[in-house]
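Everything below concerns the one structure shown next.
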Amino acid sequence: MLLDIGSQVVALSLHQAIAWSEPALAAPRPVPAVERSAAAPLAAPTQAPLAQSVSEGNGNGGESGSSIARFFESLLEAVQQFWQSLVGGSTEEPEASSPQAASEKAPTREAGTEPPPQASASQPQAAPEEVPDPQRPAAASAPPSRERPTQQFDIDLSFSSPVIERYVAQSEPFEGDAERFVLERSISPDAASLNLAAVEALSRQPQLDPDSFQPDVGVRFHDDGSVTVRALVGNASERLRLIGDFNNWGQGVDLAQYELHPTEANPQIHALTLPPDDYHKDQYRLVDGEGNQRLHMSADLFATPAFNQRFYDDRQGDALNAVLWEPQSPPRQGRPPKPDMRDEPLVIAEADPISLAWSWECPNPDSRFHGQTGEQNVSRLYRFISECGLPERMAELGYNVVQFMPLDAHIDFWDPERRNYPDWRYSYQTLNFYGKHADFGSPDELREMVDAFHRADVAVVLDVIYSHFPVKGNNPPRQFEGLGFDQYVRADGSGLYGGPWTKWETKRFNYTPKIRKNIIDAALNNLLNYGFDGIRLDNTNGIDYEPYGRQLMRELAAVVRLYDPRSLVIAEGYFGDPYLNRALRAGGAGMTTTYSDRFYLWFTEQILKHRDEIDMWYLNYMLDQDWPRAFIYYPGNHDEFANPGNSFQTRGMYLAEALDVGEFHNQKIRSWSALAQFASSYYLDMVQLWTLQPGNFNHRAAIEWDRLGRGGAADRLVRFQRNMKEFFQSEPAFAARNLHRNVTHWIDDANQTVTFERIDFGTGKRVYVTVNLGDRAISDYRIPVASEEATFRRALDSDQPAYGGEGRNPETREAQDGELSFYLGSYGVTAWVQQDNFPPPPQPPGYYQSYRPDGFAGR
């Protein structure tokens, strides 16, 4: 009953979303002609040097407080809201909740990452002096703003959400017609009954035109050369003014002429249209009525020392400013098509531009970078990756998705003068979820990099931080404190963006309707304007435990799929909540898939054990519990390869460092990674796993590409894992729509082996994968199969000579009496694909016949 109450609370009431044409801005005042001079800009507020605000790992670490207390706190809130709905009480969410009103409820993962040393992009410098530009014409009166009609979505002020209703109303229901749905779409009855968001998305078509999308806020360049700057403010009466290169940073001008005014559609979005001129690369800030400067929190980018050094000839100073950047071409025209990953098993490589390209030598003779490495071209890294074959190399390694760690503007982590290796942890301290970090290149070059991956048939997912934000960071003149999110307040003095503090001295977001809309616009900007194929929501549990955090996730998933149903929405959720992956129409959050740390915690302990000590019972229990949730399994990611764990775990080390037992036992990496891959439809790892490099991701993050090509153990492992990934992607049986309750077909406790049975429900074809977790080879291993007699093709076999084996299995095997026998090497992996005599796929929803005879054991 308690669960029923909770589900009714989170099942949002529904209204219909509408399309609307954006009205003209409230008439901006004409901007007077301004001549540039060399006068210095308004001085930024004086600050003492600030220590970096750095998360442990990525700021989503171990659990804080009592989970039981948090459960009852959430349950009490749910009961109160449900009772209000029964008695007719208001269900409107508070628009002006104070940060102090919410207690810290965010779960944390285990602490353990040492804080990186204080980083500063530059030493404190004098405020920049601007050089007069005699070629620039005087400004003219502002023309009317010419906004194109846009299709938008509604997020209203109540507990209901029209955009979710619009999505749900257009969803194809399974209920009442499950048999037709299963048969026509070749979906397993179990997958249909699970109401997985990934399966529901298969049948969807866009309902909103992606070309019509424009965020409510940000910068818009118009055909006549004028520019509109739009900002979200805390209250309608607040007045902000623009200062920047275009008006001599407010020196000697009437700043009232540069005042942003409320728009008709939303009084808390203020705008100003600058008259026609060349504003490209101009830097700017906002200033309030008391003379305090602020950053524009929806700017396209914030300048960094590396950006200034590359894109300006004579710019003085490296202050943290927003930049007006005019796109070189329309964001979505003439670009290569995006891959549709909805029905694909996902093989994800987690990376960041630095670790991916640092030691890569450009092989392209037609590139300006030929013969150079990424280390030599950090400020041009997006273009380096595009031109130097890295997208193609990732495809060759078997990946169909690259997931980049955060590329939004963040705390400084690289100094072009010192040429230090950037500390990846700062990238999780994002300063602006619209603008992209400028150290690696321009927004246009980032789009070109995404396009390069698409030409290689590799999708690109971006890690985004919508769960918390820093309030400080960087040293003067680049300090963030006093300029960023925290400077925007509501009429009552409470923070517009900020909620409660976290243990990392960052703040949670206040998920009011305006902030939710602001965040969702930022997500769409990544997907529709930059061309990313998906987003990975960092620290979803931190979002989930905040008021209206679940509302944000549901609205985000709905809006993303209304514009582009192909887009992936991946959640970093660490508590196995099936709500996250459930379809919106079933009351879930609508995520494509979610991380599973339960599997990883088992993995990181058990891989260090001797064969006879492996806890096969818990593995069986865990896989039996997890399969309905379609999790991402992984042998390690940026957190796990960086954050130190206990002595009985591999956490905080690459697996080659943790095992450190020579080439034979390093074959564990082969079979244990196969276990993670074939147990689900979604898999993630890092290339550093396969290069067998020592160390960890904190201190040896760059992929050591020169370890490959030597003909050694790493090459054999890379060759095997590439073929394993390609096989995984080639068989429809591994897609999420074909998940079924007996995916884990057979766990052999005596021999420490696991056999998976995957079924293509369109044909009835079975695929069997057997993984040997132990170091003992079995010459005549037998597994039960569905057909009494059938021919099976060897699709993957770690005993082949190409991988260092002896090739003891033939290309085909005949099953007899419902059994298939073969050679299984130590730490071996074999896969067999049925070629004939397909039994009918099990069809009745909720039923599946197990083919494991009682008492059967592998022999």
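The values are calculated or read from the model by the stated rules, or taken from the named source; none is laboratory data. Treat the numbers as computed from the prediction; the structure is a model and nothing was measured. FYI the Cβ positions are ideal-geometry reconstructions off the backbone, even for glycines, and counts take in every protein chain you see. What goes into the accessible areas is simple: the full protein's heavy atoms, side chains included, and nothing from ligands, DNA or RNA. Shrake-Rupley method; radii C 1.70, N 1.55, O 1.52, S 1.80 Å.
Given the residues A303, A271, A256, which is the only one that is within 14 Å of T228 (Cα to Cα) and touching a strand residue (DSSP E or B) at 6+ places or on another chain (Cβ under 9 Å)? One residue alone meets the criteria, A271.
Only one entry of D624, D715 meets the criterion of being in contact (Cβ under 8 Å) with a residue 12 or more places away in the chain, open to solvent by 10 Å² or more (accessible area, probe 1.4 Å) and more than 23 Å from the chain's Cα centre (by Cα), and that entry is D624.
For (1) touching a Phe, Trp or Tyr at 6+ places or on another chain (Cβ under 7 Å); (2) farther than 20 Å from I607 by Cβ; (3) in a strand (DSSP E or B); (4) open to solvent by less than 10 Å² (accessible area, probe 1.4 Å), each residue gets a yes or a no:
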| position | (1), (2), (3), (4) |
| --- | --- |
| W746 | no, yes, yes, no |
| N751 | no, no, no, no |
| V754 | no, no, yes, yes |
| D780 | no, yes, yes, no |
| A786 | yes, yes, no, no |
| A802 | no, yes, no, no |
| V833 | yes, yes, yes, yes |
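Does Q693 satisfy the condition of being in contact with an Asp or Glu (Cβ under 9 Å, 6 or more places away or on another chain) and free of Cβ contacts under 8 Å to residues at least 40 places away in the same chain?
yes
A Cβ distance below 9 Å, combined with a sequence gap of six or more or placement on separate chains, defines the contacts here; from the stretch 188-203, residues that are without any contact (Cβ under 8 Å) to a residue 60 or more places away in the chain reach residues that are surrounded by fewer than 23 Cβ atoms within 10 Å (Cβ to Cβ) and assigned to a helix (DSSP H, G or I) in the pairs S203/F181; S203/R185. I'd like to know if the stretch 403-415 contains one or more residues that are more than 16 Å from D352 (Cα to Cα) and at pLDDT below 95. Yes - at least one qualifying residue is present in the stretch 403-415.
Candidates V489, V460, V464, V402: the one that is in contact with a Gly (Cβ under 9 Å, 6 or more places away or on another chain), within 27 Å of D639 (Cα to Cα) and touching a residue at least 40 places away in the same chain (Cβ under 8 Å) is V460. Is it fair to say Y279 is part of a loop (DSSP other than H, G, I, E, B), modelled with pLDDT of 90 or more and open to solvent by less than 20 Å² (accessible area, probe 1.4 Å)? Criteria met by Y279. Being open to solvent by less than 20 Å² (accessible area, probe 1.4 Å), outside the structural domain of A409 (by the TED database) and assigned to a loop (DSSP other than H, G, I, E, B) is a property that L320 has. Those strands (runs of 3 or more DSSP E) of the stretch 337-413 in which at least 1 residues are farther than 30 Å from E481 by Cα, considering only elements entirely within it, cover 346-351, 401-404.
In the stretch 565-605, what count of residues is obtained for those that are part of a helix (DSSP H, G or I) and farther than 16 Å from N195 by Cα? Talk me through it step by step, then tell me what you get.
Of the residues in the stretch 565-605, the ones part of a helix (DSSP H, G or I) are 584-586, 597-605.
Subsequent filtering for residues that are farther than 16 Å from N195 by Cα retains 597-605.
Total satisfying the criteria: 9.
Looking across Y548, Y563, Y574, Y530, one residue alone is out of contact with any Phe, Trp or Tyr (no Cβ under 9 Å at 6 or more places or on another chain), among the aromatic types (F, W, Y) and either open to solvent by 10 Å² or more (accessible area, probe 1.4 Å) or not assigned by the TED database to the domain that holds W672 (or both). It is Y530. The set of residues in the stretch 438-458 being open to solvent by 10 Å² or more (accessible area, probe 1.4 Å) and assigned to a loop (DSSP other than H, G, I, E, B) consists of A456, D457. Which one of these is open to solvent by less than 10 Å² (accessible area, probe 1.4 Å) and more than 27 Å from D352 (Cβ to Cβ): F603, F678, F641? Just a single option satisfies the conditions, and that option is F678. Hey, can you tell me all the residues within the stretch 459-494 that are open to solvent by less than 10 Å² (accessible area, probe 1.4 Å), assigned to a strand (DSSP E or B) and of a type in the set (V, I, T)? Those that are open to solvent by less than 10 Å² (accessible area, probe 1.4 Å), assigned to a strand (DSSP E or B) and of a type in the set (V, I, T): V460, V461, V464.
Return a yes/no flag: does the stretch 257-272 have any residue that is in contact with an Asp or Glu (Cβ under 6 Å, 6 or more places away or on another chain), at pLDDT 95 or above and under 20 Å from T512 (Cα atoms). Before you say what the answer is, go through the steps one by one.
First, the residues of the stretch 257-272 that are in contact with an Asp or Glu (Cβ under 6 Å, 6 or more places away or on another chain): 269.
Retained after the next criterion (residues that are at pLDDT 95 or above): 269.
Going one step further and asking which of them are under 20 Å from T512 (Cα atoms), we end up with 269.
Looking through the stretch 257-272, at least one residue is in contact with an Asp or Glu (Cβ under 6 Å, 6 or more places away or on another chain), at pLDDT 95 or above and under 20 Å from T512 (Cα atoms).
If you go through the stretch 323-352 and keep only what is under 21 Å from the mean Cα position of the chain (by Cα) and open to solvent by less than 10 Å² (accessible area, probe 1.4 Å), you end up with P345, L346, V347, I348, A349, E350, A351.
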